[in-house]
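Everything below concerns the one structure shown next.
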Amino acid sequence: EAAVTQSPRSKVAVTGGKVTLSCHQTNNHDYMYWYRQDTGHGLRLIHYSYVADSTEKGDIPDGYKASRPSQENFSLILELASLSQTAVYFCASRTGTGGIYAEQFFGPGTRLTVL
Amino acid sequence: AQSVTQPDARVTVSEGASLQLRCKYSYFGTPYLFWYVQYPRQGLQLLLKYYPGDPVVQGVNGFEAEFSKSNSSFHLRKASVHWSDWAVYFCAVWHNYAQGLTFGLGTRVSVFP
């Protein structure tokens, strides 16, 4: 069973502060993703990566940075957290083989509240 | 740009009844479509996926979906709902720019005895 873990599971941050969300996968997958989930917006892609030390922008990258220091780890960084970034954040991974048919495996999510 | 519309935000169904969740997509070219389920306080899990071929796709837990190119739809259905199907269901299409998924807003399914 593919495994994706996220930490922390929940966090309260102050406006203007720095927040780092971490994701770890033990699937030996090439691709990793960060999505955010808002009420009324479903999930939206923030950043993704297909190899260590490289990240790519998704649909809504503004206000976020990503870091992929190794194949297993993928972080999402909010340098200056804002109220609008209050959401649930999901990490996912998938294999590079099997192309677009390859299933994405999701972590349990991190609930971020910015005050 | 690709998009997915799930017109029903909430659906309530009795246990044992049939269920259909609607999904409409907009996509240039051949779409690759997915249904995911999110159980309470959990991440998303894949129910089924469509790639060109048989328009009816079988998934886990008795779910199936039917692709229609003429209607730009990929509706999910289940013949007999169980209380454990209480969840949020997301339709998604492969993103033709980023190597990820574009999701619909989701349909929240409540099951009552």
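No lab work stands behind these numbers, since they all come straight from the coordinates. The shown structure was predicted, so the numbers you read here are calculated from the model rather than taken from an experiment. A quick note on method: Cβ atoms are made from the backbone with ideal geometry, for glycine too, and the neighbour counts reach across all protein chains shown.
Counting Lys and Arg as +1 and Asp and Glu as -1 over every other residue whose Cβ lies under 9 Å from the Cβ of B:P55, the net charge comes to -1.
Residue separation times 0.36 nm, minus the C-alpha to C-alpha distance between A:D59 and A:L83: what's the value? Walk me through the intermediate numbers first.
Numbers: separation 24, 0.36 × 24 = 8.64 nm, distance 1.93 nm.
Taking A:D59 through A:L83 to full extension adds about 6.7 nm, to one decimal.
Here is the list for the range B:52-113: chymotrypsin sites (Phe, Trp or Tyr not before Pro) lying in DSSP coil, each with at most 13 other C-beta atoms within 10 angstrom of its C-beta, are B:Y97. With no solvent and one equal point scatterer placed on each C-alpha of chain A, evaluate the Debye formula and give log10 I(q)/I(0) for q = 0.15, 0.21 Å⁻¹, two decimals. Calculated log10 I(q)/I(0) at the listed q: -0.59, -1.13. The ranking of B:C91, B:C23 from fewest to most other beta carbons within 10 Å of each one's beta carbon is B:C23, B:C91. If a spin label sat at a point 7 angstrom from the Cα of B:A17 along the line to its beta carbon, the backbone N atoms of the range B:64-81 nearer than 13 Å would be those of B:80-81.
Packing around the peptides B:40-50, A:5-15, taken as the average count of other Cβ atoms within 10 Å per residue, puts them in this order, highest first: B:40-50, A:5-15.
Taking 14 Å as the straight-line reach from the Cα of A:K18, the aspartates and glutamates in range (excluding those fewer than 8 positions away in the same chain) are A:E79. When the GluC sites (Glu not before Pro) in the range A:4-90 are filtered for DSSP coil states and for at most 13 other beta-carbon atoms within 10 Å of their beta-carbon, the remaining sites are A:E79. Fraction of C-alpha pairs exceeding 34 angstrom in the protein assembly as shown: 14 percent, rounded to a whole number.
Think of chain B as a dipole: +1 on every Lys or Arg Cβ, -1 on every Asp or Glu Cβ, centred on the Cα centre; then among B:Y51, B:S80, B:V37, B:V37 lies furthest on the positive end. Rounded to the nearest 20 debye, the dipole size of chain A about its Cα centre is 340 debye, using +1 on the Cβ of Lys and Arg and -1 on the Cβ of Asp and Glu.
Only Cα pairs under 8 Å and at least 6 apart count here; give the relative contact order of chain A as a rounded whole percent. Write out the running numbers ahead of the final one.
On the way: 302 pairs, mean separation 40.7, N = 115.
Once normalised by length, the contact order is 35 percent.
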